[in-house]
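Worksheet: one structure, shown below.
All of the numbers you see were taken from the coordinates with simple rules; none came from a lab. Nothing here was measured: the structure is a model prediction, and the numbers come from that model. Every residue, glycine as well, gets a Cβ built from its backbone with ideal geometry; the counts of neighbours run over all protein chains shown.
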Amino acid sequence: MKMILLCLRCFGPLAVLALALAATGCKSSRGADSPNTASGLAEVNLNAKTAEQVKEVAREFFRDRGYVEIESRHVYEVAFDKATKSGRSSTALRVRLRLNKQLDGAWRLVGTPMGVEAWRSDLESEAVLPQGVSQIEAFLVEIKQRVESSQ
């Protein structure tokens, strides 16, 4: 109990969630259910003419699921947030999608699931949530199917 209170005070609710998952035997990002990629993140290779085509499909996909697009840090990146609770939540889920052009002309789409503390405040911080990788991988597969079927 003291460990939980210490984590909550020092690191916030996401740390307590991570500690609880670890205590209950949750697998790491390199577990059997995680993608076998160099980054340990969800990745798909897809055929698209432009990065903008992929980004538009991703925007529609996440918008339909209640996510809001936020400003990205990179021209080949899109990011989406969703409050963890309805109303004025101080925590959110964030998904960052990064596109990388491959030598064969295809695009690699990499998705990073994140938890956000102090959401929409000056003290906002984000942390990768490895337990969300398998869900993001399923999202990327669906985005790939939509992009490739629209060509």
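Please order Lys101, Lys82, Lys144 by the number of other Cβ within 10 Å, starting at the fewest.
Numbers: Lys101 11, Lys82 16, Lys144 19.
With the fewest neighbours first, Lys101, Lys82, Lys144 line up as Lys101, Lys82, Lys144.
Using Cα centres only, tell me the gap between the range 63-103 and the range 119-151 in whole Å.
7
Looking at Phe61, Ala118, Ala92, which one has the Cα that reaches farthest to the positive end of the dipole of the range 40-149 (charges on Cβ: Lys, Arg +1; Asp, Glu -1)?
Farthest towards the positive end: Phe61.
Neighbouring Cβ atoms within 10 Å as the yardstick, rank Val128, Val78 fewest first.
Fewest-to-most Cβ neighbours within 10 Å comes out as Val128, Val78.
Need one number: the % of Cα-Cα pairs in the range 40-149 sitting beyond the 23 Å mark.
25
Taking the Cα centre of the range 67-144 as origin and charging only Cβ (+1 Lys, Arg; -1 Asp, Glu), how large is the dipole, in debye to the nearest 20?
Roughly 100 debye, rounded to the nearest 20.
Report the number of Lys pairs in the range 30-151 whose alpha-carbons are under 25 Å apart, with separation of 8 or more residues or on distinct chains.
7
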